[in-house]
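Encoded as structure tokens, the structure appears first; notes follow it.
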Amino acid sequence: MADDRAASAALMEEFSEDAAHIHAMAQRLCAARTKGELGEVLAEEAQKYTLFELQVIGGRMYAEVEKLPSPYRERIRPYFSEQLFGAYHRLLALQRAGEFRRMQAPVADPETFAGFCRMLPAGCFSWNDQSERNPHFRNPRNRLFYYLMAAFTMFVLDEPGHPVGMPFPGGFTVEKRADGYYCLIRDREKEIVYSICNFCPAKQTEENRI
């Protein structure tokens with residue numbers, strides 16, 4: 001844990017400008033009161049990512065999935081792509097169609113949303129990337145993109161942070177039922193402070209509670 005904190009501190013010092021920007025972005029997100037306001041802020045930030053940056057994010061995602069055993073990695077790869085880039089395209093499509101201007105409903109569960117915003121700055125620097133060979137993979141903006149897409153999915157669309165149908169080890173999947181969304185391993189993430197699962201609207205089923 002101490003090594004992780006030291007690595008995070010070093011990364012924040014190395015990317016001090018990004019750290020300041022990410023902190024300010026988290027405050028802007030937290031100030032949003034309606035889903036439409038939040039969507040506009042998220043879309044504005046998402047549009048700042050260059051094609052090269054998006055390619056780097058996709059490359060890192062591919063590299064991480066490649067570390068998983070087959071055939072699980074083949075099953076889960078399209079869900080990771082949907083989680084990041086599917087959400088990205090949905091976000092920009094809604095913004096360009098002017099849909100956010102018509103979204104006046106308040107952000108659901110303001111307390112959970114505020115907790116997400118408080119977590120976000122430190123979460124962007126929580127990865128120990130010191131051994132990463134590709135310098136582009138070590139940029140905290142990659143992690144910020146991940147959290148921006150999660151914020152859109154969970155707090156604008158009220159959908160799970162991980163796409164419906166996404167498989168997890170042990171045969172569990174994210175499910176959509178008549179009374180809402182369920183993630184059968186949701187409670188396993190409680191000990192991981194920076195996990196989006198702690199803020200996800202999906203419910204944990206009693207029969208699979210850890």
> Within region 59-113, can you find the residues that are surrounded by 14 or more Cβ atoms within 10 Å (Cβ to Cβ), at pLDDT 95 or above and among the small types (Gly, Ala, Ser)?
Replying inline: Ser81, Gly86, Ala87
> Out of region 117-139, which residues are modelled with pLDDT of 90 or more and either surrounded by fewer than 16 Cβ atoms within 10 Å (Cβ to Cβ) or touching a Leu at 6+ places or on another chain (Cβ under 8 Å) (or both)?
Replying inline: Cys117, Arg118, Leu120, Cys124
>> So, in region 143-163, exactly how many residues are small (Gly, Ala, Ser) and more than 13 Å from Ser195 (Cβ to Cβ)?
In response: 1
> Just checking, which of Ile185, Ile210 is touching a strand residue (DSSP E or B) at 6+ places or on another chain (Cβ under 7 Å), modelled with pLDDT under 80 and over 23 Å from Ala93 (Cα atoms)?
Replying inline: Ile185
> Leu54 versus (1) over 22 Å from Gly165 (Cβ atoms); (2) in contact with a Pro (Cβ under 8 Å, 6 or more places away or on another chain): which is the lone unmet condition?
Replying inline: (2)
>> Would you confirm whether or not region 13-34 contains a residue that is out of contact with any helix residue (DSSP H, G or I) (no Cβ under 6 Å at 6 or more places or on another chain), modelled with pLDDT of 95 or more and not in a helix (DSSP H, G or I)?
In response: yes
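The values are calculated or read from the model by the stated rules, or taken from the named source; none is laboratory data. Nothing here was measured: the structure is a model prediction, and the numbers come from that model. We place every Cβ from the backbone using ideal geometry, glycine too, and count neighbours over all the protein chains shown.
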